[in-house]
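See below for the structure under consideration.
The values are calculated or read from the model by the stated rules, or taken from the named source; none is laboratory data. The shown structure was predicted, so the numbers you read here are calculated from the model rather than taken from an experiment. No Cβ is skipped: glycine too gets one built from the backbone with ideal geometry, and neighbour counts run over all protein chains shown. Just so you know, the surface numbers come from the protein's heavy atoms only, side chains and all, with ligands and any DNA or RNA stripped out. Shrake-Rupley method; radii C 1.70, N 1.55, O 1.52, S 1.80 Å.
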Amino acid sequence: MTALAEAEVEYADHTSPSVFVRFSLEAASASKLGLEGAVYAVIWTTTPWTLPANMAICLHPDFDYAAVKTGDATYLVAADMADGLAARFGWETPVVAATFRGSSLEGLVARHPFVDRASTLILGDHVTLEQGTGMVHTAPGHGMEDYIVGLTYGLEVYNPVNPYGVFVEGTPHVAGQKVWQANDTVIALLAAQGDLLARKDIEHSYPHCWRCRGPIIFRATPQWFISMEKNDLRRKALAAIRSVRWTPKWGEERIYGMIENRPDWCVSRQRVWGAPIPAFACDDCGEATADLALARHALSVMERDGIDAWYDRPVAELLPEGAVCPSCGSAKLVRTNDILDVWFDSGVSHAAVLEEDDRLSSPADLYLEGSDQHRGWFHTSLLCSVGTRGVPPYRQVLTHGYVVDGAGKKMSKSLGNTIAPQTVIDKFGAEVLRLWVASEDYREDIRLSDEILKRLTDAYRKIRNTIRFMLGNLAGFDPAGAISRTDRPEIDRFVLGRFDQLTTKITEAFERYDFHVFYHALHNFCVVDLSSLYLDIVKDRLYTYPTASAERRSCQATLFELTDGMLRLMAPVLSFTAEEAWS
């Protein structure tokens, strides 16, 4: 089990047990509301395994809550949801005995249904009426919103789950059980006590790990963070974004919004592989430290002996002489086993590559990757560089979409719908593969199928045959004796003018990285301007006029300039064809 970055979390359908649970209000709290008999607060959750860590029940301060009396019991739920819940629970002749503003219920105390612990009623704006009861089970050790509201109220951040997803020894009723197994145990316990009001399995969107595809759990654990506010990292990063050229342009606002709203960066992970964080913990006070002097000494050992030295060498060798805990002064320091987030590894690649090679310059001229890297490589590289160098690691960033099949489905190994580049080369040739890359608007998802490649093969042959026809009519032509443009027939000057426009269009497109403009413009020029117009008209001159005639020499000079210019435009994309024709 390890911490996951937000970028490593994907959402997929998942079946969870949905349960409604009652928490009994203490007599003193019920009395404050003027309610007699048994009074319960009702919560709803799809993670029953988190109930052992419940510390509070959260209400919205501006919602109205109804005290619904049925039989000898009274239940507190959101007033707007009371009728629907009464029907769901099968309450007989429910009566709303009173209503209360959420803010007036703050500080009342309920009892945990199966742990001898108080559960205080608190307030939070994250409570909604979309589902549940309007009263949210709160376990600060198992959820971001729970953790934040828990800090506000000084609740214990209680996490009884170990790094293996198993409840620790001493946890009432579920010790030694894995969290998913504990769901059934908790539900059975609630049912036996009469505190389970309803239960139903539901299918809903749930966070999963993008690597193992398994559902994730939330548990509060000590981690290493890079603050976005300390040293003004957020503001500096946002300013740096504005100095970079982004292609497509929308990428600038996308990453700006991500940096503007992101939390502090959790850079630690708990895996058995990766770059270790050179931090130490104190055996006496328990505090962990990444003191720079201690870290630098450990890094010098790893630089000399390799990264495995962190694990293989005695701690005494990793520490400078006389090292003590900065918090308590104890010399009982031990190494920690956390590794760096792999996104931190990629985020410092600009320093490891560009600054270590004299042939390269920093910042990079261009970062090129998929559109998902606004939250990945582009994102972490920006934070690392701005935080340590004060400047962005790149001058330009270009992003592209995903390759999809003919039906529009994203290509992936797991779906088995990928097409290997070598397969395309073996079947259609490398030039067709290059032309496909250039023909697609990479800003959107990029389609690839045999049908698409066959169409491009026809287009490639048209371009190639047009060049071959012009080359075939240059026999005996000497550029030194070419007729000047001003002395050529109007049709020759016209097609050269059209080609000048084409050159400008394609050159500017290359500078903007709009490669698809090259393909469509060049192919259209070959089909329309040349084959259907100019070449069709001048065939008579080429085939019937004498070799030394001005008409034939003018046409050959024009064909020479067209061929020369087209090969130069083609060279960045159809490099093999351009080289072959040039030779």
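Numbers for the structure displayed
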read-out: Residue in the stretch 314-337 that is most open to solvent (accessible area, probe 1.4 Å), counting only those that are closer than 13 Å to HIS297 by Cα and assigned to a loop (DSSP other than H, G, I, E, B); value: GLU321
read-out: Checklist (1) open to solvent by less than 20 Å² (accessible area, probe 1.4 Å); (2) more than 30 Å from THR45 (Cα to Cα) applied to ARG269, failing item; value: (2)
read-out: Residue list for the stretch 116-137, filter: open to solvent by 20 Å² or more (accessible area, probe 1.4 Å) and in a loop (DSSP other than H, G, I, E, B); value: ASP116, ARG117, ASP125, HIS126, THR128, LEU129, GLU130, GLN131
read-out: Among (1) open to solvent by less than 50 Å² (accessible area, probe 1.4 Å); (2) among the small types (Gly, Ala, Ser); (3) at pLDDT below 90, the one test that ALA298 misses; value: (3)
read-out: Answer from TYR164, TYR206 - the residue that is part of a loop (DSSP other than H, G, I, E, B) and aromatic (Phe, Trp, Tyr); value: TYR164
read-out: The stretch 538-570: number of residues that are surrounded by fewer than 15 Cβ atoms within 10 Å (Cβ to Cβ) and either in a helix (DSSP H, G or I) or in contact with a helix residue (DSSP H, G or I) (Cβ under 6 Å, 6 or more places away or on another chain) (or both); value: 7
read-out: Selected residue [touching a residue at least 12 places away in the same chain (Cβ under 8 Å) and among the aliphatic types (A, V, I, L, M)] from ILE419, ILE425; value: ILE419
read-out: The stretch 458-476, residues that are surrounded by 17 or more Cβ atoms within 10 Å (Cβ to Cβ), under 30 Å from ALA420 (Cβ atoms) and out of contact with any His (no Cβ under 7 Å at 6 or more places or on another chain); value: TYR460, ARG464, ILE467
read-out: Some residue of the stretch 243-250 being under 30 Å from ALA509 (Cβ atoms), among the charged types (D, E, K, R) and modelled with pLDDT of 90 or more; value: yes
read-out: Residue in the stretch 276-292 that is within 25 Å of ASP232 (Cα to Cα), more than 18 Å from the chain's Cα centre (by Cα), in a loop (DSSP other than H, G, I, E, B) and among the β-branched types (Val, Ile, Thr) present; value: yes
read-out: Flag for ILE217 being part of a loop (DSSP other than H, G, I, E, B) and within 21 Å of the chain's Cα centre (by Cα); value: yes
read-out: Matching residues in the stretch 160-213 - criterion: being open to solvent by 70 Å² or more (accessible area, probe 1.4 Å) and in contact with a strand residue (DSSP E or B) (Cβ under 7 Å, 6 or more places away or on another chain); value: LYS178, ARG199, LYS200, ASP201, GLU203, SER205
read-out: The stretch 489-504 residues that are touching a residue at least 40 places away in the same chain (Cβ under 8 Å), paired with ones that are basic (Lys, Arg) and surrounded by 15 or more Cβ atoms within 10 Å (Cβ to Cβ) (beta carbon under 9 Å, 6 or more apart); value: PRO489/ARG541; LEU496/ARG488
